[in-house]
Amino acid sequence: MIKHITTTPAKALEKLKAGNARYIDAMVNSEDISQAKRTDTLVNGQKPYAIIITCSDSRVIPENIFMTGIGELFVIGIAGNVIDEHQLGSIEYAASHLGAPLIVVMGHTHCGAVHTAINHDLEGYIKFITDKIKAAIGDECDPYKAACLNVKSCEAEIEASLEIQKVEHQEGLRVIGAMYHLENGLVDFI
């Protein structure tokens, strides 16, 4: 069952851009995290206007970067913002059952996972992440360009989902990429 989208992808993107503009000079996030809001989302459910897939880097906090409160974003964080079956299932759930009209894959500058994929060949479970990034970036050695290629690869992987294609066709869902700049807090949508 596909839940109807309550806003447009364009309006959702504008909300993200406006929130990021406020974030650039903010000292605190003053959005609604009240008990009343927590109760409202408990009783009435969540209605996120965007799905954000991003790196689990502790400096990359989408709720702050876009100045949002409880229930506004559906955030999926994993090192290197890579996509596998678990992330894709979460994305499909948020798009088709929660009605989020916009999916943003957000990489960031100075990404440790991308740096590791470029410069090291590791063992253990991290190899699943770095191998996925290596496949996305090929021979690219510039960290920023590699992070952008990784974002684009993740976008393509999401777009390949038949469930996502169905929601795009029926509801106008949109998938876009973004880069967060640790240096200044700015998000560029790519």
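State the answer as a single residue: which of PRO101, ILE129, ILE91 lies farthest towards the positive end of the charge dipole of the range 71-136, with beta carbon charges of +1 for Lys and Arg and -1 for Asp and Glu, about the Cα centre. Sorting the options by dipole projection puts first ILE129.
Around the amide H of GLY177, modelled in the peptide plane, lie the amide H atoms of VAL105, ILE190, all under 5 Å away and 5 or more residues distant in sequence or on another chain. Once the convex hull of all Cα atoms in the range 1-76 is built, its volume per residue stands at 111 Å³. Shape call for the range 145-190 from the C-alpha gyration tensor, a ≥ b ≥ c root eigenvalues: rounded (a/c under 1.5), prolate (a/b greater than b/c) or oblate? In terms of gyration-tensor shape, oblate. In a simple Cβ point-charge model (Lys, Arg +1; Asp, Glu -1; nothing else charged), the range 64-190 has a dipole of about 120 debye relative to its Cα centre.
For the chain, the longest principal axis of the alpha carbon atoms and the long axis of helix 9-24 meet at an angle near 70°. The charge dipole of the range 1-123, taken about its Cα centre with unit charges on the Cβ of Lys, Arg, Asp and Glu (plus for the first two, minus for the last two), comes to roughly 540 debye.
Using θ = phi - 60° in the Karplus curve 6.51 cos²θ - 1.76 cosθ + 1.60, the 3J(HN,Hα) couplings for the range 26-36 round to 6, 9, 9, 9, 9, 6, 6, 10, 5, 4, 4 Hz; x is entered for Gly and Pro. Applying D = kT/(6 pi eta Rh) to the range 48-190, where Rh is the Kirkwood radius over alpha-carbon pairs, T corresponds to 10 °C and eta to 1.306 mPa s, the Stokes-Einstein value obtained is 105 µm²/s.
To the nearest ten degrees, helix 85-97 and the longest principal axis of the Cα atoms of the chain are 20 degrees apart. State which stretch of the chain is the longest one without any exposed GluC sites (Glu not before Pro), exposure meaning a DSSP loop state and at most 12 other Cβ atoms within 10 Å. Within the chain, the longest run free of exposed GluC sites (Glu not before Pro) spans 1-122. Looking at the chain, the DSSP beta bridges with both ends there are about 15 percent antiparallel.
Where does helix 126-137 land angle-wise versus the long Cα axis of the chain, in degrees 0 to 90, nearest 10? Approximately 90 degrees, to the nearest ten.
Bear in mind these aren't lab numbers, they're just calculated from the coordinates by the rules spelled out. Not measured: the values here are computed from a predicted model. Cβ atoms come from the backbone with ideal geometry, glycine included; neighbour counts cover every protein chain shown.
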